[in-house]
Every structure is written in C-alpha cells, then in structure tokens.
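What follows is a single structure, written as structure tokens, with notes after it.
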Amino acid sequence: MSGSRGLVERVMGPEAFSRLSPAVRKHYSVVDEGHVVLRGEIEGASQSRLLRPLLWIVGPLQGLPRMDAGKKMKAEVKLSSAGTDSLSELAMCHFPSDKSPVLIESRLSCVDGELVEFIMPYLGVRLVPSASPDGSLVIKARGYVVFTPFAHVYLPLWALPFGITRVVKQQAPNVVNVSYSTKHPLLGDLLGYSGRFKVHQARLA
C-alpha cells in the first residue's frame, strides 16, 4: 500500500511529522517493501572513564562497538520495512584498520501506540519522538519494557544503566547528521557518538 504512513509518522502523528525537515522525513518514511540506504562516517564523541567497566555491558546490549572520543569509522546503514508495525535497521561499520565490518542491528516497533527499540529479543526501550523547532527529529527514552508470555512489564528509566537520546538533523537536501547519547539519570553521561550520512538509495514504498 503506497499510501501507508511510515512507523515514526504513525506514532508521532501526521501534523508533528510534517514539521520535520525533508531529509529527516525521508529517513523514516519507509513503508511496505521500501528501504533507505545511507553512507557516511561515525565519530566517537564522549565516553565516561569512571564508568568504562559499565560501558563494556552497555555497548553490546545496545549493539554498539566501543568507540573512544575522536575515533572514526565508516558506516553504511539500511532501514527497511519489516511489517506493518516494524522497521529494521542494519548498519555495517568498520574502522580503517579492520578487515571485516561490525554489524549493528536494531528493530523499531509500535507497541501499544508507543515507539519501542528492541535492544534484546525480550527487552525494549520505550521512545518518545518529537519534532524540534529546526526540523530535527529528537528521540528520547522514557523507560523500558520486558516482554513475557503473560504480560508486558514496564520499568522506569533509572532501572537499567542507560538511557538514550538520538537527534537526526538535516544538513543538506539528502544529508542528515545523527547524534546519539547514552545517559543514566543518576550516573550521568556514559557514551555518545555523531555521524554524517548521505542518502544513496531510497525506495520508500
């Protein structure tokens, strides 16, 4: 159905989604059998030395490679529709000295009207997407949900050692900047990175 709305638009609502910049809307307008492929570079922005042992747990749980501040890697990201209420993201990242890429997989789904990013098969981060005045998409974590055979168990943001904020901002008609930070409400900043990506392929429906 080419007239379908993308996952993020359905969670935000058409009016809020329309306030996003064109390149950002394209980034998240994948429906049906569509996909978007972006290529660019990611740079480590921050990492807490005091909490480095904790980061060894946080990074793998979120599918993130360990990156020191200033360290860069090339990346190709493919977003594709994985059903009516799901959007999959597969990133192939590699450092210049590595022969094989690091694969980072995530899945966004709509659960009870909320945007949820799965960081483990039965554990998801509850996300709130919003449009900023400059047309950027701001996605913030509001808590967690554990999926059991009997019920969904909701956890507050401080229950696990990480919270997520992602900002997707248009830099040019087909270029977006993505910044990502992980922060605990009590322990402070854990890690962050930023990246600049250009849309190379887009088949939205």
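Take the residues in segment 145-175 that are more than 19 Å from the chain's Cα centre (by Cα) and touching a residue at least 60 places away in the same chain (Cβ under 8 Å), then tell me which one is most open to solvent (accessible area, probe 1.4 Å).
P173
Which numbered condition trips up L127, out of (1) within 19 Å of P14 (Cα to Cα); (2) open to solvent by 50 Å² or more (accessible area, probe 1.4 Å)?
Among (1) within 19 Å of P14 (Cα to Cα); (2) open to solvent by 50 Å² or more (accessible area, probe 1.4 Å), the lone unmet condition for L127 is (2).
How many of the residues making up segment 130-144 are surrounded by fewer than 19 Cβ atoms within 10 Å (Cβ to Cβ), part of a strand (DSSP E or B) and free of Cβ contacts under 8 Å to residues at least 40 places away in the same chain?
4
T182 fails exactly one of the following numbered conditions: (1) of a type in the set (V, I, T); (2) over 18 Å from the mean Cα position of the chain (by Cα); (3) closer than 23 Å to G40 by Cα. What is the number of that condition?
Every condition holds for T182 apart from (2).
Do you know which of the residues in segment 75-92 that are modelled with pLDDT under 70 and in a strand (DSSP E or B) is nearest to E43 (Cα to Cα)?
So, considering only residues that are modelled with pLDDT under 70 and in a strand (DSSP E or B), the one nearest to E43 (Cα to Cα) is M92.
Here's a check for you: in segment 176-197, which residue that is open to solvent by 20 Å² or more (accessible area, probe 1.4 Å) and in contact with a Lys or Arg (Cβ under 6 Å, 6 or more places away or on another chain) is modelled with the lowest pLDDT?
So, considering only residues that are open to solvent by 20 Å² or more (accessible area, probe 1.4 Å) and in contact with a Lys or Arg (Cβ under 6 Å, 6 or more places away or on another chain), the one modelled with the lowest pLDDT is D189.
The values are calculated or read from the model by the stated rules, or taken from the named source; none is laboratory data. Given the structure is predicted, the values throughout are model-derived calculations rather than measurements. Quick reminder, even Gly has a Cβ in these numbers, built from the backbone with ideal geometry, and neighbours come from all protein chains shown. These area figures cover heavy atoms from the full protein model, side chains too; ligands, DNA and RNA do not enter into them. Shrake-Rupley method; radii C 1.70, N 1.55, O 1.52, S 1.80 Å.
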